[in-house]
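A.B. asks: Sending over a structure as C-alpha cells; questions will come in a sec.
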Amino acid sequence: MDAVKLQIAAYAESHHISEVTRELVRGLVIEQPDDPLEWLISELKKPERLPRVLVLGPPAVGKRSVASRLATELRAVHVTTDGLVDDYKDIGVQARTFLEKGQEIPAELLCSLVQQRLSKTDCFKRGWVMDGVLQSRLQALALQRAGILPEHVVHLSASEDVLQERNRGRMMDPNTGDVYHQTFIWPDNSDVADRLIKGQVLSEETFSARLQRYRCEVTGLSSAYKHSLKLFNSDQPYEDVYQQVLTFVHTRDCQRTPRVLLLGPPGAGKSLQAQRLSHKYNLVNICYSELLRAVAEDGCKLGAQIKPYLDMRCSIPDSLVLQILEKRLNREDCSRGWVLHDFPEEVSQARALKKTFHHPNRVFFLDLCDEESVHRVSLRGTDPVTGISYHSLSSPAPSAEVQSRLQTSPAHHMDTVLQRLQHFSSQTAGLSDVYPDAIHIDAQQSPESVFEILEKKLTTS
C-alpha cells in the first residue's frame, strides 16, 4: 500500500497535478463560469502558464521599476493601486478617500477592486504583475480567501539609508510615467534622459511614516506568502536585481517533497551534511553503507543474500542493492522526504535509481581534491567506547586516554582511501551525465559554509 501511495505522489509531482488543480480552482472562483466543465476543458487546452507575480517591499525600494519592466517582458498586465482606484469609479472613490488620508484601504474593499481587475479579459489571458497594492497581512489573507494566489512573490529589501537616498533622487519620464533615479536607474536612451523631470519626492515625515508602517506589517505580510516568496537585496545595481527577479519568476512553483542525493569523494562531508539536513528539515537520513549493514544483521532473506558479499568486501549485485533501497524508501517515514548518501557508487546504479519512483529531485556534488580527501579520511579514528569519531587535526580526541584507544577503520586506511578515490573519479563523468542538473559545491570550505549553500539551493530552486 505504501508503494502505491508513493507511486501516486511521484506521478502527481512529475506532472504538476497539485499546481494545475490549484490554478484551475482559482480560475473557477474568479470566473464562476456557467458551464464549469466546458471552462475547465478550455483551460486545460491552453499551451502556456500565465504569470501571477506580486512585488512587495518598502517605499522607494524599486518595486514599480522592477514590476513595470517585468510586466513588459512577460507581456503581462501591470496592476497598481492607482490603476485599481482610477478604473473603478464607484468603489474606487471609496478607496481613494482612504489613500488621501494616508490610511490603508480596508481588506474587503481592496479585495473587491483586485477581483474586478483580475477578472478582465486582459489579465485572464496574459497574466499579471502587481506592485504596491498590498500593505498588510489582512489584505493578503482577504485575497487568498477570494482565490487570488500569486505564483511568485518578489520581496525587495534595502537599508534605510539607501531607501532615503532613492526617495530624494527620483526622476520621471513625463511622456510615459516611468520612474528613474539619478544613480540607481538611468535611461540608456539619451532622448528619454533629456526629458526627465524631478519625480514625486516624499517629505521626510511622510517617508518615515510609510517606512514605519511597512516595518510593522512586513513580518505578517511575508508569512502569508512564505511558500512562494523570495527575498532580494535591492542594494545593488538595478540590472543585477532585475535579472535575479526574472530568473526566479521563470521557475515553476513546485512544492516538492525533498528527495536529496549527496555525491562526492571520501571525506567530502556527505554524512555530516546529511545529518544536518535531516535534523533541520525532518528528512530521513539514509546512509547506503549503514543500510546494508543493518539489513545484513536483520537476518531477513535479503540480508542473508548480501551478507557474504559484505564479509568478503565484494561488490553487491545492483539487483539486490535496488531491492534493499526501494524497500527502505517505500516506508511511510520517507513520504516526508529523504537525504541519501554513499549511493550510487556506480553509473549503472544511478541509471537504475532514476527509473524508479524514488529518483532524487535535488542532487549535489560535494567537490574535494584528492589530497584533501586523503588528509581528512586517513587521520580519522573512532572511540570504541563511545562510538564518537575524531580527527587528529580538525577535531582531536579530548584526552590522552581517549586518544590511546582510538581505532582506525579498515575503510580509512591509506591504500583503501586511494582505491575509493580512484573509483569515484572513474565514475564522476558518468554520474554527471545521469544528473546534468546537479549542483556542485566546493567542499573545501568549512562545513558551515557548505551547509549554508546546500540550504539555499535546497529551498530556492
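A.B. asks: If you roll a 1.4 Å probe over the stretch 49-145 with all protein chains in place, what percent of the accessible area is carbon or sulfur?
C.D. replies: Details: 2050 of 4260 Å².
C and S fraction of accessible area: 48 percent.
A.B. asks: Quick one: which residues, 5 or more positions from residue 181 or on another chain, have an amide H under 5 Å from its amide H? H modelled 1.01 Å from N in the peptide plane, none for Pro or chain starts.
C.D. replies: Amide H neighbours of residue 181: 171, 186.
A.B. asks: So in the chain, what percent of DSSP beta bridges are antiparallel if you round to the nearest 5? Could you put the intermediate results ahead of the total?
C.D. replies: Details: 10 of 43 bridges.
About 25 percent, rounded to the nearest 5.
A.B. asks: I need to check one value: relative contact order of the stretch 308-415, counting alpha carbon pairs closer than 8 Å and at least 6 residues apart, in percent. Kindly include the intermediate steps, with their values, before the conclusion.
C.D. replies: Details: 58 pairs, mean separation 18.7, N = 108.
After rounding, I find 17 percent.
A.B. asks: Let me ask another. Considering amide H positions built from the backbone, and no H for Pro or chain starts, which residues 5 or more places from residue 79, or on another chain, come under 5 Å of its amide H?
C.D. replies: 129, 130, 131
A.B. asks: Once the other residues with Cβ under 10 Å from the Cβ of residue 427 are scored (Lys, Arg +1; Asp, Glu -1), what is the net sum? Kindly include the intermediate steps, with their values, before the conclusion.
C.D. replies: Details: positive: none; negative: 345, 346.
Around residue 427, the surrounding residues sum to -2.
A.B. asks: Still on this structure, please answer the following. 7 Å from Cα along Cα→Cβ at both residue 294 and residue 448: what's the point-to-point distance in nm?
C.D. replies: Result for the modelled spin labels: 3.1 nm.
A.B. asks: Hey, which of these cross-link pairs are over 18 Å Cα-Cα: 63/230; 327/354; 327/457; 226/270; 230/456; 280/327?
C.D. replies: 327/457; 226/270; 280/327
A.B. asks: Just add up the charged neighbours of residue 174: K/R +1, D/E -1, any other residue whose Cβ is under 14 Å from the Cβ of residue 174.
C.D. replies: Details: positive: 170, 195, 198; negative: 173, 178, 191, 194.
Every neighbour counted, the sum reads -1.
A.B. asks: Could you tell me which trypsin sites (Lys or Arg not before Pro) in the stretch 62-171 are loop residues by DSSP with no more than 16 other beta carbons within 10 angstrom of their beta carbon?
C.D. replies: Filter output for the stretch 62-171: 75, 101, 120.
A.B. asks: Considering only protein heavy atoms and a 1.4 Å probe, what is the carbon-and-sulfur percentage of the accessible area of the stretch 226-317?
C.D. replies: Numbers: 2480 of 4960 Å².
With neighbouring chains kept in place, the figure for the stretch 226-317 is 50 percent.
A.B. asks: Find the relative contact order for the stretch 118-208 and round it to a whole percent, using C-alpha pairs within less than 8 Å whose residues are 6+ positions apart. It would help to have the intermediate numbers written out before the result.
C.D. replies: On the way: 54 pairs, mean separation 18.4, N = 91.
Relative contact order here is 20 percent.
A.B. asks: Normalised by the number of residues in the chain, what is the relative contact order in percent for Cα pairs under 8 Å and 6+ residues apart? The partial results should precede the final answer.
C.D. replies: On the way: 584 pairs, mean separation 68.7, N = 461.
Here the relative contact order equals 15 percent.
A.B. asks: Here's a follow-up. Would you please give the FRET efficiency between residue 419 and residue 223, computed as 1/(1 + (r/R0)^6) with r the Cβ-Cβ distance and R0 = 60 Å, to the nearest 0.05?
C.D. replies: Values: r = 51 Å, r/R0 = 0.85.
It comes out at approximately 0.70.
A.B. asks: Using a 1.4 Å probe, what is the accessible area per residue for the chain, in Å²?
C.D. replies: Per residue, the chain has 54 Å² of solvent-accessible surface.
A.B. asks: Here is a further query. Roughly speaking, to the nearest percent, how much of the stretch 160-205's 1.4 Å accessible area is carbon and sulfur? Display every interim value, and only then the final one.
C.D. replies: Values: 1270 of 2920 Å².
Accessible surface attributable to carbon and sulfur in the stretch 160-205 totals 43 percent.
A.B. asks: Please turn the phi angles of the stretch 137-153 into ³J(HN,Hα) values with the Karplus equation 6.51 cos²θ - 1.76 cosθ + 1.60 (θ = phi - 60°), one per residue in order, whole Hz, x for glycine and proline.
C.D. replies: Result, rounded to whole Hz: 5, 4, 5, 4, 5, 5, 5, 5, 5, 7, x, 8, 10, x, 7, 10, 10.
A.B. asks: Would you please give the residues with an amide H less than 5 Å from that of residue 261, counting only those at least 5 places away or on a separate chain, with H modeled from the backbone geometry?
C.D. replies: Here the answer is 340, 362, 363, 364, since their amide H atoms fall under 5 Å of that of residue 261.
A.B. asks: Once you put a point 7 Å from the Cα of residue 385 and another 7 Å from the Cα of residue 195, both along the Cβ direction, what distance in nm separates them?
C.D. replies: Computed distance between label sites residue 385 and residue 195 equals 8.4 nm.
The values are calculated or read from the model by the stated rules, or taken from the named source; none is laboratory data. Please read all numbers here as calculations on a predicted model, not as lab measurements. Methodologically, a virtual Cβ is constructed for each residue, glycine included, from the backbone with ideal geometry; neighbour enumeration extends over all protein chains shown. Only protein heavy atoms, including side chains, enter the accessible area calculation; ligands, DNA and RNA are left aside. Shrake-Rupley method; radii C 1.70, N 1.55, O 1.52, S 1.80 Å.
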